[in-house]
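Notes follow once the structure below has been shown.
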Amino acid sequence: MDAGINICVITPHQDNRRAAFLERLGTYIYNQTRQPDSWIVVDHKLPLQYDLTARIKHGCELAIADGADLILIMEDDDWYAPEYIETMATEWQQAGRPNIIGINSTRYYHIKSQAYVILNHPERASLMSTGISREGVARMVWPDDDFIFLDIPLWHHLKGHLFSAELSVGIKHGVGKTGGVGHKPNWGQYSQDKDWAMLRKWIGEDSEFYEQYFL
């Protein structure tokens with residue numbers, strides 16, 4: 001199900017220390033079963049600072065100007081299954097094109113400490129697995145530019161559709177300017193995975209890239 005919708009992927013990016021992750025994301029996007037109509041990497045090239053909200057807001061504005069009906073936020077350091085975009089678009093249309101769409105649980109994997117966690121949040125999606133419609137952008141009340149937990153106000157202000165799927169993994173590492181608590185290697189929510197078994201189960205051969213990252 002597609003019906004000619006225009007899909008734009010936006011990716012906030014700021015720190016060149018994470019360039020390898022961004023390049024890897026390009027591979028995941030290239031392998032998507034439904035290609036986006038555009039991919040916008042939002043990099044203000046400003047001194048490093050917590051300006052995630054500003055970059056997402058600017059990316060949405062660029063996407064709308066480019067004709068987007070649905071804007072998918074795909075973060076520069078995360079893993080996405082090949083059917084991610086197609087599934088998000090199908091769910092969005094079947095739900096009646098709501099203001100916001102997303103996955104109601106998140107899988108995190110910290111590649112430096114080889115640890116993982118599955119978080120269930122039935123009332124919202126993580127930013128990395130959220131999509132916003134053109135109408136949703138128009139309705140959004142944006143927090144301050146330096147607010148880093150943007151998924152919370154997005155799902156508070158916009159009403160939409162949540163669904164269950166295993167299509168993404170939030171890769172945590174502590175490289176560059178990171179904001180979420182999941183980037184802390186000793187976060188108490190994590191379970192150890194010393195032989196990479198869980199990551200390999202989640203993402204298959206793509207695990208090799210992350211296993212070798214800190215070598």
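The values are calculated or read from the model by the stated rules, or taken from the named source; none is laboratory data. The model shown is predicted, which means the values in this text are computed figures rather than measured ones. With ideal geometry, Cβ positions are generated from the backbone for all residues, glycine too; neighbour counts draw on all protein chains shown. All accessible areas refer to the heavy atoms of the entire protein, side chains included, with ligands and DNA or RNA removed. Shrake-Rupley method; radii C 1.70, N 1.55, O 1.52, S 1.80 Å.
Condition (residue is at pLDDT below 90, within 17 Å of the chain's Cα centre (by Cα) and more than 16 Å from CYS60 (Cα to Cα)) applied to region 121-132: is it met by at least one residue?
Within region 121-132 (the criterion being at pLDDT below 90, within 17 Å of the chain's Cα centre (by Cα) and more than 16 Å from CYS60 (Cα to Cα)), the answer is no, since none of the residues qualifies.
What strands (runs of 3 or more DSSP E) completely inside region 34-106 contain at least 3 residues that are under 15 Å from ASN6 (Cα atoms)?
38-42, 70-73
MET198 fails exactly one of the following numbered conditions: (1) farther than 24 Å from PHE147 by Cα; (2) open to solvent by 80 Å² or more (accessible area, probe 1.4 Å). What is the number of that condition?
All conditions pass for MET198, except number (2).
Could you check how many residues of region 9-23 are surrounded by 16 or more Cβ atoms within 10 Å (Cβ to Cβ) and either without any contact (Cβ under 8 Å) to a residue 40 or more places away in the chain or under 13 Å from the mean Cα position of the chain (by Cα) (or both)?
Selection size over region 9-23: 7.
Being modelled with pLDDT of 95 or more, open to solvent by less than 20 Å² (accessible area, probe 1.4 Å) and not in a helix (DSSP H, G or I) is the filter here; which residues of region 146-182 pass it?
Of everything in region 146-182, those that are modelled with pLDDT of 95 or more, open to solvent by less than 20 Å² (accessible area, probe 1.4 Å) and not in a helix (DSSP H, G or I) turn out to be LEU158, PHE163, LEU167, SER168, VAL169, GLY170, ILE171.
Can you tell me how many residues within region 179-199 are under 20 Å from the mean Cα position of the chain (by Cα) and either among the charged types (D, E, K, R) or closer than 18 Å to TYR28 by Cβ (or both)?
The number of residues fulfilling the criteria is 2.
Do the conditions hold for ASP206, that is, is it at negative phi, surrounded by fewer than 18 Cβ atoms within 10 Å (Cβ to Cβ) and in contact (Cβ under 8 Å) with a residue 60 or more places away in the chain? Break it down into steps so the answer makes sense when it comes.
On the way: at negative phi: yes; surrounded by fewer than 18 Cβ atoms within 10 Å (Cβ to Cβ): no; in contact (Cβ under 8 Å) with a residue 60 or more places away in the chain: yes.
In short, no.
So is HIS44 open to solvent by 60 Å² or more (accessible area, probe 1.4 Å), touching a His at 6+ places or on another chain (Cβ under 9 Å), at pLDDT 90 or above and over 19 Å from HIS173 (Cα atoms) or not?
no
Quick grid of which residues meet (1) surrounded by fewer than 19 Cβ atoms within 10 Å (Cβ to Cβ); (2) closer than 20 Å to ILE152 by Cα; (3) hydrophobic (A, V, I, L, M, F, W, C):
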site: ILE73; (1), (2), (3): no, yes, yes
site: ILE85; (1), (2), (3): no, no, yes
site: GLN93; (1), (2), (3): yes, no, no
site: ARG107; (1), (2), (3): no, yes, no
site: TYR116; (1), (2), (3): no, no, no
